[in-house]
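Novice: This is the structure I have questions about; it appears just below.
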Amino acid sequence: MSAITCIDDLKRLYKRRVPKMFYDYAETGSWTEQTFRENTSDFDKIYFRQRVAVDMTNRTTAGQMIGQDVAMPVALAPVGLTGMQHADGEILAARAAKKFGVPFTLSTLSICSIEDVAKATKAPFWFQVYTLKDDDFMERLMGRARDAGCSAVVITLDLQVQGQRHKDLKNGLSAPPKLTPASIANMATKVGWGLKMLQTRRRTFGNVVGHAKGVTDPSSLSSWTAEAFDHALDWNRVAELMKMWGGKVILKGIMDTEDARRAADLGADAIVVSNHGGRQLDGALSSIRALPAIVDAVGDRIEVMFDSGIRTGQDILKARALGASGVMIGRSWVYGLGAMGQAGVTKSLEILHKELDTTMALCGHRDLREVGRDILLVPEDFEGRWQRN
Ligand code: GLV
């Protein structure tokens, strides 16, 4: 491929280099994928106001996320099975994030364990928590994150039960991949991926296998989410988990103003407006349409971050201008990782940063912290006018 100039270029390379089962895992939404599609297409409905003859020297995208200095307010979102997209993927992504000056979030469903990432990066990272029924496991998980020096936990609230993703069922998704004629035939074409995988010992869920009880097939994400996840998770349990952690907490998966208020009442440090990249409730609004109302409801009480659908720096600027204090990206960095390992994650951050910085300048701003809704042209009916029950 010639020069890599955008996230889509990385995605094309990624598709070529990584086994179909793992590409499909990332590049899917639940059921009809309506929400997955609209997460990105709804960004296109918002336009920028072009401004001219404004001094564009000394620009900065720097800021803070939950009190931490960042080169741009963009955190790497937790993504399950990242170490299957590229050998030792979580370690590589955490290193790229550290070098760039943005937070990395490790998923509970990672392949590299909390300890692996802490040892390899020596940088505080955020740790994402799924709530399992096994209380001892949760205590130990929080303790392990504390020992590893994690600077925040991100509690995911929108996956007590897993949204169905047809491709994962059809592919028989597992880590390590089950050997079937179809998976062997496909993996045989991904030589670079396979050689690197043979050189690592990390090929299953590092935070869970050997740590959690009540999991009959630890290689199957869908079977153990069904068996082990705490379906009873409620706001009292969220409060308990926050207490169990005792440090900074980000609550992820908020799409409704009432839930945003509950999260703010609990005293969380931030929420993430997210529909899990369209992987959970198909038919939910896109995250970008849900964002403005949530900012209006709680933006003065709690940091409101944004996730789901970001594929360009322009998307980041739109979310920021609509009131998000910062954003999380998922697929955008996974494409880079699958395409080119650590250098690919760095490349995706560089691409997003350049697009963000240039767009901000052309909208007449030099400091991302000063950007507001006035740089945008948002259709009057963008948020939707819904019947009240
Ligand atoms: C896990 O978070 C997933 O969406 O698969």
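Novice: For the list (1) part of a helix (DSSP H, G or I); (2) surrounded by 15 or more Cβ atoms within 10 Å (Cβ to Cβ); (3) within 23 Å of the chain's Cα centre (by Cα), I need the number of the one condition that G323 fails.
Specialist: Failing condition for G323: (1).
Novice: Now a separate question. How many of the residues making up region 116-145 are more than 12 Å from the ligand (Cβ to nearest atom) and crowded, with 16+ Cβ neighbours inside 10 Å?
Specialist: 19
Novice: Let me ask something else about it. For region 187-203, does any single residue satisfy the condition of being touching a residue at least 60 places away in the same chain (Cβ under 8 Å), buried (at least 20 other Cβ atoms within 10 Å of the Cβ) and within 23 Å of the chain's Cα centre (by Cα)?
Specialist: yes
Novice: If I go through region 148-169 residue by residue, how many of them are more than 16 Å from V273 (Cα to Cα), within 9 Å of the ligand (Cβ to nearest atom) and not basic (K, R)?
Specialist: Total meeting the criteria: 3.
Novice: Right, D116: of a type in the set (D, E) and in contact with a Leu (Cβ under 8 Å, 6 or more places away or on another chain) or not?
Specialist: So D116 fails the test.
Novice: Let me ask something else about it. Taking G277, is it assigned to a helix (DSSP H, G or I), at positive phi and either of a type in the set (A, V, I, L, M) or within 19 Å of the chain's Cα centre (by Cα) (or both)?
Specialist: When the stated conditions are applied, G277 passes them.
Novice: Let me ask something else. Would you mind finding the one in D374, D381 that is more than 30 Å from T28 (Cα to Cα) and either acidic (D, E) or out of contact with any strand residue (DSSP E or B) (no Cβ under 6 Å at 6 or more places or on another chain) (or both)? Spell out how you get there, then give the answer.
Specialist: Values: D381 fails: more than 30 Å from T28 (Cα to Cα).
Of D374, D381, the one residue that is more than 30 Å from T28 (Cα to Cα) and either acidic (D, E) or out of contact with any strand residue (DSSP E or B) (no Cβ under 6 Å at 6 or more places or on another chain) (or both) is D374.
Novice: Conditions first: (1) assigned to a loop (DSSP other than H, G, I, E, B); (2) within 16 Å of the ligand (Cβ to nearest atom). A226 passes all but one, so which condition is the exception?
Specialist: The number of the failed condition is (1).
Novice: Quick one: which of Q160, Q164 is assigned to a loop (DSSP other than H, G, I, E, B) and modelled with pLDDT under 95?
Specialist: Exactly one residue qualifies, and that residue is Q160.
Novice: Out of curiosity, is I250 at pLDDT 95 or above, surrounded by 24 or more Cβ atoms within 10 Å (Cβ to Cβ) and assigned to a loop (DSSP other than H, G, I, E, B)? Before you say what the answer is, go through the steps one by one.
Specialist: Details: at pLDDT 95 or above: yes; surrounded by 24 or more Cβ atoms within 10 Å (Cβ to Cβ): yes; assigned to a loop (DSSP other than H, G, I, E, B): no.
No, not satisfied.
Novice: Please verify whether region 179-190 includes one or more residues that are within 16 Å of the ligand (Cβ to nearest atom) and not in a helix (DSSP H, G or I). Before you say what the answer is, go through the steps one by one.
Specialist: The initial filter retains those residues of region 179-190 that are within 16 Å of the ligand (Cβ to nearest atom), namely none.
Within region 179-190 (the criterion being within 16 Å of the ligand (Cβ to nearest atom) and not in a helix (DSSP H, G or I)), the answer is no, since none of the residues qualifies.
Novice: Moving on. Consider R203 carefully, then state whether it is within 16 Å of the ligand (Cβ to nearest atom) and over 30 Å from L266 (Cα atoms).
Specialist: In short, no.
Novice: Also: Return the only residue of L109, L76, L92 being modelled with pLDDT under 95 and closer than 23 Å to V208 by Cβ.
Specialist: Numbers: L76 fails: modelled with pLDDT under 95; L92 fails: modelled with pLDDT under 95.
Of L109, L76, L92, the one residue that is modelled with pLDDT under 95 and closer than 23 Å to V208 by Cβ is L109.
Novice: So which of T35, T82 is in contact with a helix residue (DSSP H, G or I) (Cβ under 7 Å, 6 or more places away or on another chain), over 27 Å from M340 (Cα atoms) and either surrounded by 23 or more Cβ atoms within 10 Å (Cβ to Cβ) or without any contact (Cβ under 8 Å) to a residue 12 or more places away in the chain (or both)?
Specialist: Step by step, each of T35, T82 is checked, and only T35 is in contact with a helix residue (DSSP H, G or I) (Cβ under 7 Å, 6 or more places away or on another chain), over 27 Å from M340 (Cα atoms) and either surrounded by 23 or more Cβ atoms within 10 Å (Cβ to Cβ) or without any contact (Cβ under 8 Å) to a residue 12 or more places away in the chain (or both).
Novice: Can you find even one residue in region 283-303 that is within 16 Å of the ligand (Cβ to nearest atom), among the aliphatic types (A, V, I, L, M) and either at pLDDT below 95 or more than 24 Å from H353 (Cα to Cα) (or both)?
Specialist: The initial filter retains those residues of region 283-303 that are within 16 Å of the ligand (Cβ to nearest atom), namely 284, 287.
Filter once more, keeping what is among the aliphatic types (A, V, I, L, M): 284.
Now narrow it down to the ones that are either at pLDDT below 95 or more than 24 Å from H353 (Cα to Cα) (or both): 284.
Among the residues of region 283-303, at least one is within 16 Å of the ligand (Cβ to nearest atom), among the aliphatic types (A, V, I, L, M) and either at pLDDT below 95 or more than 24 Å from H353 (Cα to Cα) (or both), which makes the answer yes.
Novice: How many residues are charged (D, E, K, R) and either under 18 Å from T82 (Cβ atoms) or not in a loop (DSSP other than H, G, I, E, B) (or both) if we restrict to region 203-221? Before you say what the answer is, go through the steps one by one.
Specialist: Within region 203-221, the subset charged (D, E, K, R) is 203, 213, 217.
Then keep just the ones that are either under 18 Å from T82 (Cβ atoms) or not in a loop (DSSP other than H, G, I, E, B) (or both); that gives 203.
So the answer is 1.
Novice: Yes or no: T156 of a type in the set (V, I, T), in contact (Cβ under 8 Å) with a residue 40 or more places away in the chain, within 25 Å of E240 (Cβ to Cβ) and out of contact with any strand residue (DSSP E or B) (no Cβ under 6 Å at 6 or more places or on another chain)?
Specialist: no
Novice: Here's a follow-up. Would you mind stating whether W245 is in contact with a helix residue (DSSP H, G or I) (Cβ under 7 Å, 6 or more places away or on another chain), farther than 23 Å from K15 by Cβ and surrounded by 17 or more Cβ atoms within 10 Å (Cβ to Cβ)? Before you say what the answer is, go through the steps one by one.
Specialist: Details: in contact with a helix residue (DSSP H, G or I) (Cβ under 7 Å, 6 or more places away or on another chain): yes; farther than 23 Å from K15 by Cβ: yes; surrounded by 17 or more Cβ atoms within 10 Å (Cβ to Cβ): yes.
Against the criterion (in contact with a helix residue (DSSP H, G or I) (Cβ under 7 Å, 6 or more places away or on another chain), farther than 23 Å from K15 by Cβ and surrounded by 17 or more Cβ atoms within 10 Å (Cβ to Cβ)), W245 qualifies.
Novice: Further, regarding this structure: Across region 168-220, what is the number of residues that are of a type outside the set (A, V, I, L, M) and touching a Leu at 6+ places or on another chain (Cβ under 8 Å)?
Specialist: Summing the residues that are of a type outside the set (A, V, I, L, M) and touching a Leu at 6+ places or on another chain (Cβ under 8 Å) in region 168-220 gives 6.
Novice: Turning to a different aspect of this structure: The conditions are (1) small (G, A, S); (2) part of a loop (DSSP other than H, G, I, E, B); (3) within 24 Å of Q280 (Cα to Cα), and G149 fails exactly one of them. Which is it?
Specialist: With (1) small (G, A, S); (2) part of a loop (DSSP other than H, G, I, E, B); (3) within 24 Å of Q280 (Cα to Cα) applied to G149, the lone miss is (3).
Novice: Could you tell me which of the residues L317, L352 is out of contact with any Leu (no Cβ under 9 Å at 6 or more places or on another chain), among the hydrophobic types (A, V, I, L, M, F, W, C) and at pLDDT 95 or above?
Specialist: Values: L317 fails: out of contact with any Leu (no Cβ under 9 Å at 6 or more places or on another chain).
Sole residue among the options that is out of contact with any Leu (no Cβ under 9 Å at 6 or more places or on another chain), among the hydrophobic types (A, V, I, L, M, F, W, C) and at pLDDT 95 or above: L352.
Novice: For region 5-23, state whether one or more residues are farther than 25 Å from E90 by Cβ and at pLDDT 95 or above.
Specialist: From region 5-23, those farther than 25 Å from E90 by Cβ are 5; that's our starting set.
Among the residues that remain, those that are also at pLDDT 95 or above are: 5.
Within region 5-23, one or more residues are farther than 25 Å from E90 by Cβ and at pLDDT 95 or above.
The values are calculated or read from the model by the stated rules, or taken from the named source; none is laboratory data. Worth saying up front: this structure is predicted, and the values here are computed from it rather than measured. Glycine gets a Cβ as well: all are built from the backbone with ideal geometry, and neighbour counts include every protein chain shown.
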